[in-house]
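All remarks here apply to the structure that follows.
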């Protein structure tokens, strides 16, 4: 039986998934990939991260995603960063907003991590068919 937190989290998580780009790695695929290790892990991710944190209304979806991107750059967690760059496009962030978020991280986390993040951004854009020169 799904709890209110789990259902709220599942609904919120589905808002971040792109039907148009179903071949990209997203939170649904992430949750599914861990179910065989421990069924409770999916509940933790969905109920806590999405049911409690991402369901808060103090930040917009775009602001939440920009904070997440900046945090993941600082942590150097490239697989999760790539996933959240995809989420950024899914929630309507422009390439300029994502690049701006990454550049803003330079004085705090340094060039190497930001350059790695920019490389991931280029990968995501190529996978989505977005021209890096387009405005």
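Within the option set 74, 42, being in the same structural domain as residue 116 (by TED's automatic domain parsing), touching a helix residue (DSSP H, G or I) at 6+ places or on another chain (Cβ under 9 Å) and either surrounded by 12 or more Cβ atoms within 10 Å (Cβ to Cβ) or at positive phi (or both) holds for one residue only, 74. Of all residue pairs spaced 6 or more apart or on separate chains, those with beta-carbon atoms under 8 Å, a first member in segment 37-48 that is under 15 Å from residue 7 (Cβ atoms) and a second member that is modelled with pLDDT under 85 and in a loop (DSSP other than H, G, I, E, B) are 42/35; 47/3. Residues in segment 112-135 that are within 20 Å of residue 20 (Cβ to Cβ) and exposed (fewer than 10 other Cβ atoms within 10 Å of the Cβ): 129, 131, 134.
The set of residues in segment 1-30 being more than 13 Å from the chain's Cα centre (by Cα) and modelled with pLDDT under 80 consists of 1, 2, 19, 20, 21, 22, 23. Could you list, in sequence order, the residues of segment 110-127 that are more than 19 Å from residue 93 (Cα to Cα) and in contact with a helix residue (DSSP H, G or I) (Cβ under 7 Å, 6 or more places away or on another chain)? Within segment 110-127, 113, 116 qualify.
The values are calculated or read from the model by the stated rules, or taken from the named source; none is laboratory data. This structure is a prediction, so every number in the text was calculated from the model and none was measured. So basically every Cβ, Gly included, is an ideal-geometry build from the backbone, and we count neighbours across all protein chains shown.
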